[in-house]
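J.: Got a structure for you, written out below as structure tokens; questions coming shortly.
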Amino acid sequence: MENILGIIGTIIGALGLVLAAFVAVRQTQVEERNAQERAEEKELHAQELEMQKQEKTRSDRLMFLADRIFDSSIPRELRQPFYEEYISMKGNGTAVRFWLLEGEREKKAQQSA
């Protein structure tokens with residue numbers, strides 16, 4: 001009887017050991033997957049930050065160029081490179097309309113003079 005209980009205890013102990021090893025392996029796999037997901041999220045976040053930084057740099061440059069385009073105290077010929085860069089950066093809107101209207105006004109003024 002004692003032998004049977006010893007054998008049953010050994011079998012249960014071995015099964016417990018196998019179960020513990022299985023749980024440890026599964027836990028390691030889950031932790032590795034979580035670490036990989038965190039690394040991917042971190043990389044994605046870094047890319048998003050870089051894109052935001054580039055967009056802010058572009059936006060700041062467009063605002064600077066628009067300020068120069070609107071600055072009538074600077075002769076039009078000297079503002080031309082700012083306008084060209086603004087257009088090359090796909091700038092549009094008020095600054096472009098201002099530039100074109102200003103050019104038309106100057107043409108009319110020269111024609112009537």
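J.: For the range 16-31, state whether one or more residues are at pLDDT below 95 and not hydrophobic (A, V, I, L, M, F, W, C).
T.: Yes, the range 16-31 contains at least one residue that is at pLDDT below 95 and not hydrophobic (A, V, I, L, M, F, W, C).
J.: Among the numbered criteria (1) surrounded by 11 or more Cβ atoms within 10 Å (Cβ to Cβ); (2) free of Cβ contacts under 8 Å to residues at least 12 places away in the same chain, which single criterion is violated by Ala35?
T.: So Ala35 meets the others, but not (1).
J.: If you go through the range 83-95, how many residues are without any contact (Cβ under 8 Å) to a residue 24 or more places away in the chain and more than 14 Å from Arg58 (Cα to Cα)?
T.: Residues that pass the stated criteria total 3.
J.: Filter the range 80-113 for residues that are surrounded by 15 or more Cβ atoms within 10 Å (Cβ to Cβ), at pLDDT below 90 and hydrophobic (A, V, I, L, M, F, W, C) and give the result.
T.: Within the range 80-113, no residue meets the criteria.
The values are calculated or read from the model by the stated rules, or taken from the named source; none is laboratory data. Every value quoted in this text rests on a predicted model; they were computed, and no experiment measured them. Note: ideal-geometry Cβ built from the backbone for every residue, glycine included; neighbour counts use all protein chains shown.
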